[in-house]
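The values are calculated or read from the model by the stated rules, or taken from the named source; none is laboratory data. Note that this is a predicted model, so its numbers are computed, not measured. Virtual Cβ from ideal backbone geometry, glycine too; neighbours counted across all protein chains shown. The accessibility values were calculated without ligands, DNA or RNA, using every heavy atom of the protein model including side chains. Shrake-Rupley method; radii C 1.70, N 1.55, O 1.52, S 1.80 Å.
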Amino acid sequence: MLKRLSTAELRTMVEEKAVVVVARRGCCMTFVVRRLLQYVGADPAVRELEEAHVDDLGHHLAEAGVMLQLPAVFVAGRWFGGTERVIATLVAEELRPLLKKAGALWL
């Protein structure tokens, strides 16, 4: 069983890594988001949560003004969005420059 992810642990992870994906354990869209980010050259840190922990984390994030949409992608220490935002920015050719500016690409 995966351990509960506190908001402090999430904050630390997001601050230390250029790209972080937080998702429900076993969610197929997590694979899609990870592959799209890898396609443009990023190496995202992925943290999967047990279903029981998702509601708890969602409550804490809502208090901070962030609507929980899993998988949730954080770039350069800030909430970026979910699957739709990753796909939209990829199609608009905005994802790679955004990740490069965030220091998430080796290029």
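Each of VAL21, VAL91 has its accessible area taken with a 1.4 Å probe; listed largest first, they run VAL91, VAL21.
I need the calculated FRET efficiency for the pair ARG35 and ARG11, taking r as the beta carbon distance and R₀ as 35 Å, to the nearest 0.05. My answer for the efficiency is 0.85.
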